[in-house]
């Protein structure tokens, strides 16, 4: 079934598929990081350092963990957004192919020719939007998890900076 949609989308589907591979790899990387972070509990260590009034060490670990958590997020965002542009480019090509086939055929085009161009337009748009939506949904969830996980410690570190 997916192979038929892929063929119907034409050559643009290869670019959308490449974007999907990049987004999926980055999402898996961040998911593995999240599991590792849950198992390592580095923010618990930061909390213990704060309780021991070792503010500098706590800040260093906290900022390092925040930097690790942010790796690859820009890639997911950029490539998922590019996927929509690639899908829309496929839409334009598919529609242009439909109109071009109609003009070449002396004003009359077979329904199969029109359907082929429109299927390219439809499937590339859908594929690009699926990559975009999945990438953006992951980013929203991941960033919310990070914010929830770090909110309390971040506030405590900022209060210690004021003192």
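The values are calculated or read from the model by the stated rules, or taken from the named source; none is laboratory data. For clarity, every value in this text was computed on a predicted model and none was experimentally measured. Reconstructed Cβ throughout: ideal geometry from the backbone, glycine too, with neighbour counts over all protein chains shown.
List of remarks:
- Looking across the range 1-56, not a single residue is touching a residue at least 12 places away in the same chain (Cβ under 8 Å), within 30 Å of residue 153 (Cα to Cα) and in a loop (DSSP other than H, G, I, E, B).
For (1) more than 21 Å from the chain's Cα centre (by Cα); (2) within 21 Å of residue 131 (Cβ to Cβ); (3) crowded, with 16+ Cβ neighbours inside 10 Å, each residue gets a yes or a no:
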| residue | (1), (2), (3) |
| --- | --- |
| 8 | yes, yes, yes |
| 13 | no, yes, yes |
| 23 | no, yes, yes |
| 31 | no, yes, no |
| 37 | no, no, yes |
| 48 | yes, no, no |
| 57 | yes, no, no |
| 63 | yes, no, no |
| 99 | yes, no, no |
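- Close contacts from the range 86-98, counting a first residue that is on the phi < 0 side of the Ramachandran plot and assigned to a helix (DSSP H, G or I) and a second that is surrounded by fewer than 18 Cβ atoms within 10 Å (Cβ to Cβ) and modelled with pLDDT under 90, with Cβ to Cβ under 6 Å and a gap of 6+ residues or different chains, come to 98/114; 98/118.
- Flag for residue 74 being surrounded by fewer than 16 Cβ atoms within 10 Å (Cβ to Cβ), at pLDDT 90 or above, part of a helix (DSSP H, G or I) and under 29 Å from the mean Cα position of the chain (by Cα): yes
- Residue list for the range 69-97, filter: touching a helix residue (DSSP H, G or I) at 6+ places or on another chain (Cβ under 7 Å) and within 30 Å of residue 147 (Cα to Cα): 69, 72, 73, 75, 76, 77, 79, 80, 81, 82, 83, 84
- Of residues in the range 112-138 being farther than 15 Å from residue 87 by Cβ and out of contact with any helix residue (DSSP H, G or I) (no Cβ under 6 Å at 6 or more places or on another chain), the one surrounded by the fewest Cβ atoms within 10 Å (Cβ to Cβ): 112
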